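K.L.:
Once you've had a glance at the structure underneath, I'll fire off some questions.
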Amino acid sequence: MTLLDVLDLPQLYTKPSADALLETLALLTSTPPSWETSDVHDRCNGDSDSAQRREQKSAGVNINPEGVTRYLTSIVASSLKWIQDEQVKEEIWNQASLRLSERSGRTAMGALSRNFTIPTSNGPFELTIHEPALTGDDLGLKTWAASYLLAKRLHTLSFIPHKDPSHFKILELGSGTGLVGLAMAALGTNVVLTDLPSIHANLARNVKDNAETVSSAGGSAKSGVLDWTKPDSLRLFPDEASMDDESITHDSKFPFILAADSLYSPEHPRWLVDTIATWLSDDEEAKVMVEFPLRDAYLPEVADFRNRMGGIGLHILEEGEESGLDDWGSSNDDDRTFVTCWYALWGRTAKK
């Protein structure tokens, strides 16, 4: 791995070409530390040439972070008067600004798409998950470490009928960006992914974007809206539908329910468990799989969730802890992004 210093990069006093600056800015793209694959910034408004430049990242080169922020700021502040093409100059300024935002934590970044590699017994597959720019309190617009860890664990679940999983019906609660539910569907099962109305549009987009991967595995994925404060109301939306279109009311229960990183207030354990009680089938073999980060601020919620699950007759069949990284804070502060997650498989029959 080649380590470059910021002084090895094209310096503005030398009047580097536009291509040299764009290639350098692509090289400076920061990959959030949570994931093992690369991120690509949203290209919806960019032309094909600029999109291609942004993809020109070299895996064999690393940049010493000292001085990079100052270097990027100098590009944003420069008039770039030796470059004649105004559109290209705008692209350079835009890319330099994006690189700065990447170094300010996930909340400062714009929309992006991530490629996640999910393991299976027959080899891995990839899912592409879009995340809008984060605004307000819509934490479901971001993919969290617990979701990725759970998605990678799904292929190890022995109770899923591997010979013919296509008849296995699954409900995901609090799907967020949909990584867990789509990973489950791409294992050949039928999954209904649900979240609040404010999250649904992006969730539906990700279901559509990964439809080919899911269908090629023999699975299916549908998105819907389910408010845990009204747990008996589950609305599904046809393919290509929006929140303004007519929904389909779903009323059958599920033998398996999934949930990841969905406890963010004192009310959430009660709401989540009430919703699980509403939609989990009465079958003795019905199961629930959850994974939650053990963040200090939300440990009471995790404890409350455990107690309430016992109150509806569910028992832990398997549990454990594993670690991952979140990219919520500064991309240069690994200590702040490290998170330990607790996973648990629940069933109606207590483990013997």
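The values are calculated or read from the model by the stated rules, or taken from the named source; none is laboratory data. Because the structure is a prediction, the values reported are computed rather than measured. Virtual Cβ from ideal backbone geometry, glycine too; neighbours counted across all protein chains shown.
K.L.:
Looking at the stretch 256-289, which of its residues are of a type in the set (D, E, K, R) and surrounded by fewer than 20 Cβ atoms within 10 Å (Cβ to Cβ)?
P.N.:
Across the stretch 256-289, the qualifying residues are Glu267, Arg270, Asp274, Asp282, Asp283, Glu284, Glu285.
K.L.:
Enumerate the pairs (first residue in the stretch 333-352 and loosely packed, with under 13 Cβ neighbours inside 10 Å; second residue anywhere and modelled with pLDDT under 85) with beta-carbon separation below 8 Å, excluding pairs fewer than 6 apart on the same chain, so at least 6 apart or on different chains.
P.N.:
These pairs meet every condition: Asp334/Pro33; Asp334/Leu325.
K.L.:
Please find, within the stretch 184-239, the residue that is nearest to Thr278 (Cα to Cα) out of those that are in contact with a Gly (Cβ under 6 Å, 6 or more places away or on another chain) and among the polar types (S, T, N, Q).
P.N.:
Here the answer is Thr194.
K.L.:
Applying the selection to the stretch 290-300, what residues are buried (at least 19 other Cβ atoms within 10 Å of the Cβ) and either touching a Pro at 6+ places or on another chain (Cβ under 7 Å) or over 21 Å from Leu171 (Cα atoms) (or both)?
P.N.:
Of everything in the stretch 290-300, just one residue is buried (at least 19 other Cβ atoms within 10 Å of the Cβ) and either touching a Pro at 6+ places or on another chain (Cβ under 7 Å) or over 21 Å from Leu171 (Cα atoms) (or both), namely Tyr298.
K.L.:
Pairs needed: first member in the stretch 261-285, within 15 Å of Asp195 (Cβ to Cβ); second member anywhere, polar (S, T, N, Q); C-beta distance under 8 Å; at least 6 residues apart or different chains.
P.N.:
Asp261/Ser147; His268/Ser262; Trp271/Thr229; Leu272/Ser262
K.L.:
Let me ask another. Is it true that Ala303 is surrounded by fewer than 20 Cβ atoms within 10 Å (Cβ to Cβ), closer than 21 Å to His250 by Cβ and modelled with pLDDT of 95 or more?
P.N.:
Criteria not met by Ala303.
K.L.:
How about the stretch 201-241: which of its residues are closer than 19 Å to Ser262 by Cβ, not in a helix (DSSP H, G or I) and not basic (Lys, Arg)?
P.N.:
Passing the criteria: Ala221, Ser223, Gly224, Val225, Leu226, Asp227, Trp228, Thr229, Pro231, Asp232, Ser233, Leu234.
K.L.:
Restricting to the stretch 63-75, name every residue that is over 30 Å from the mean Cα position of the chain (by Cα) and in a helix (DSSP H, G or I).
P.N.:
Residues satisfying the conditions are Arg70, Tyr71, Ser74, Ile75.
K.L.:
May I pose another question? May I ask you to say which residue of Thr128, Thr135, Thr37 is surrounded by fewer than 16 Cβ atoms within 10 Å (Cβ to Cβ), within 30 Å of Ser216 (Cβ to Cβ) and at pLDDT below 90?
P.N.:
Thr37
K.L.:
Can you go through Ala211, Ala146, Ala185 and tell me which one is closer than 19 Å to Leu345 by Cα, of a type in the set (Gly, Ala, Ser), assigned by TED's automatic domain parsing to the domain that holds Lys287 and free of Cβ contacts under 8 Å to residues at least 40 places away in the same chain?
P.N.:
Of the residues listed, the single one that is closer than 19 Å to Leu345 by Cα, of a type in the set (Gly, Ala, Ser), assigned by TED's automatic domain parsing to the domain that holds Lys287 and free of Cβ contacts under 8 Å to residues at least 40 places away in the same chain is Ala185.
K.L.:
Something else: Failed condition for Ala211, given (1) touching a helix residue (DSSP H, G or I) at 6+ places or on another chain (Cβ under 6 Å); (2) of a type outside the set (D, E, K, R); (3) closer than 18 Å to His130 by Cβ, with all others met?
P.N.:
Failing condition for Ala211: (1).
K.L.:
Could you give me the residue pairs with C-beta distances under 6 Å whose first residue belongs to the stretch 61-72 and is closer than 17 Å to Pro10 by Cβ, whose second residue is surrounded by fewer than 15 Cβ atoms within 10 Å (Cβ to Cβ) and of a type in the set (S, T, N, Q) wherever it lies, and which are 6+ apart or on separate chains?
P.N.:
Matching pairs, first to second residue: Val61/Thr2.
K.L.:
Filter the stretch 110-125 for residues that are at pLDDT below 85 and in a strand (DSSP E or B) and give the result.
P.N.:
Leu112, Ser113, Arg114
K.L.:
Kindly indicate whether any position in the stretch 243-260 is at pLDDT below 95, among the aliphatic types (A, V, I, L, M) and in a loop (DSSP other than H, G, I, E, B).
P.N.:
Within the stretch 243-260 (the criterion being at pLDDT below 95, among the aliphatic types (A, V, I, L, M) and in a loop (DSSP other than H, G, I, E, B)), the answer is yes, since at least one residue qualifies.
K.L.:
Name the residue that is modelled with the lowest pLDDT, counting only residues in the stretch 149-200 that are more than 14 Å from Ser220 (Cβ to Cβ), part of a helix (DSSP H, G or I) and among the hydroxyl-bearing types (Ser, Thr, Tyr).
P.N.:
The extreme case among them is Ser198.
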